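The values are calculated or read from the model by the stated rules, or taken from the named source; none is laboratory data. Since the model is a prediction, treat every value here as computed from it, not as a measurement. Don't worry about glycine lacking a Cβ; one is built from the backbone with ideal geometry, like all the others, and counts go over all protein chains shown. Protein only, heavy atoms only, side chains kept; ligands, DNA and RNA dropped before computing areas. Shrake-Rupley method; radii C 1.70, N 1.55, O 1.52, S 1.80 Å.
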Amino acid sequence: MTNLGTIRASAWASIFDCAHRFYWQNMMGLRTPSSSAAHLGTSLHAGTAAFDQARLDGSPITADDAAGVFVDTLRHPQEDVAWGDDSPAAAEKIGLTLHTNYCTQIAPAHEYRAVELTCEALDVETESGIITLTGTTDRVRVTPKGLGAADLKSGKRAVDKDGRAVTKGHHLQLGIYTFLAEKSL
């Protein structure tokens with residue numbers, strides 16, 4: 001059977017947003033510069049991952065120490081960033097607030113089994129051929145019902161007015177991450 005290609009779990013939902021953009025970005029590898037908001041999210045992921053991994057390893061670090069990873073990632077991007085009307089200094093100020101919030105309020109309320117887990121690929125057979133799913137889960141957390149995939153979001157619409165995480169538009173990604181994490185762990 002023909003292998004149709006590899007799709008990252010985080011890209012799966014974009015198939016339904018714009019199939020052409022999905023094709024050019026995920027199948028052909030064409031990229032546009034990262035937005036300032038996306039780079040802020042990437043930088044927050046780096047800082048919070050350092051914080052959570054240190055806890056998981058039994059050698060906790062302070063939120064301030066982990067913030068150093070956030071700031072370093074923000075100031076030294078690995079890809080082009082289109083800052084637009086935003087500035088790195090403004091993003092740093094917002095990011096440090098979010099980072100501190102995560103490290104002092106959110107992370108202590110969870111027990112993690114894995115941080116930034118690169119999952120084994122999963123081949124899915126379709127009528128047209130095989131699609132290989134890959135991905136890196138932000139966190140695998142311990143829940144009363146077992147393990148669950150957690151995907152950190154930092155955008156303006158990540159939390160609703162009642163303080164609950166907004167999963168609309170991310171359910172495919174979370175489902176795929178759950179399958180990939182189960183296979184990998």
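In nm, to one decimal, how far is the modelled label at Thr178 from the one at His110, with both set 7 Å along Cα→Cβ?
Taking the simple label geometry, Thr178 and His110 are separated by 1.5 nm.
Which angle from 0 to 90°, rounded to the nearest 10, does the C-alpha axis of helix 88-101 make with the longest principal axis of the chain?
Helix 88-101 and the main axis of the chain meet at about 90 degrees.
Mind ranking 126-134, 147-155 by how tightly packed they are, going by the mean number of other C-beta atoms within 10 angstrom, highest first?
My ranking of the peptides, most packed first, is 147-155, 126-134.
Leaving out ligands, DNA and RNA, and with a 1.4 Å probe, what % of the accessible surface on the chain is carbon or sulfur?
C and S atoms contribute 54 percent here.
Expressed as an acute angle from 0 to 90° and rounded to the nearest 10, what is the orientation of the C-alpha long axis of helix 171-184 relative to the principal long axis of the chain?
90 degrees
Mind grabbing the accessible area of Trp83 for me, 1.4 Å probe, Å², rounded to tens?
Its heavy atoms expose roughly 50 Å² to the probe.
When ranked by the protection proxy of mean other Cβ atoms within 10 Å per residue, highest first, what sequence do the peptides 109-120, 27-38, 91-102, 42-53 form?
42-53, 91-102, 109-120, 27-38
Accessible area per residue, 1.4 Å probe, Å², for the chain: what's the number?
Here the per-residue accessible area is 62 Å².
Over all alpha-carbon pairs in segment 1-157, figure out the percentage whose distance exceeds 25 Å.
41 percent
What is the magnitude of the charge dipole of the chain about its Cα centre, with +1 placed on the Cβ of each Lys and Arg, -1 on the Cβ of each Asp and Glu, and no other charges, expressed in debye to the nearest 20?
Using only the charged Cβ atoms, the result is roughly 440 debye.
What net charge do the residues around His110 carry, taking every other residue with its C-beta under 12 Å from that of His110, with Lys and Arg at +1 and Asp and Glu at -1?
Residues near His110 contribute +1 overall.
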